[in-house]
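First the structure, in the form of structure tokens, and then the observations on it.
The values are calculated or read from the model by the stated rules, or taken from the named source; none is laboratory data. Here the structure is a predicted model, which is why all the values come from computation and not from measurement. Here Cβ is always computed from backbone atoms with ideal geometry, including for glycine, and neighbour counts include all displayed protein chains.
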Amino acid sequence: MFDEKMLDGLSVSQLSRALVFVQSQIEGLEAELPEGEDDPRIDKLYELGNRIIRRMDVLIREDMRNDPRALDQWAEAMRGYEVDYDKYSDAILSDDTLLDIDPPEST
């Protein structure tokens, strides 16, 4: 199981590299799957990617706090991301697929 504390103290750059790694893992697993089949590891990787993005969001918002225009642009991008991720997670839950990752702590 993934320990979210592993993300503590990472910079945006380090989180970005971790996200690229997660994306490459997802792509590799998806390429191996026969059409129409699912792999629960992919769902876990998507959840991990979401947690990385949420950590990046906190750091970026803090960094941009004195630049309202940039912060607005970032916030708009995150709203779009959140809508798309909510659609994905709703689909997973509607399939009665449970992720074996501890729920994120409230921020």
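Odds and ends about this structure:
- Cβ-Cβ distances below 8 Å connect no pair with a first residue in the range 52-77 that is without any contact (Cβ under 8 Å) to a residue 60 or more places away in the chain and farther than 25 Å from residue 21 by Cα, a second residue that is in a helix (DSSP H, G or I) and of a type in the set (S, T, N, Q), and a separation of six or more residues or different chains.
- Residue list for the range 34-73, filter: basic (Lys, Arg), exposed (fewer than 13 other Cβ atoms within 10 Å of the Cβ) and under 18 Å from residue 12 (Cα atoms): 65
- The one condition in (1) modelled with pLDDT under 90; (2) more than 18 Å from residue 16 (Cα to Cα) that residue 47 fails to fulfil: (2)
- Pairing each residue of the range 10-37 that is over 13 Å from residue 52 (Cβ atoms) and modelled with pLDDT of 90 or more with any residue that is in a helix (DSSP H, G or I) and of a type in the set (D, E, K, R), provided the two are 6+ apart or on different chains, yields C-beta distances under 8 Å for 29/41.
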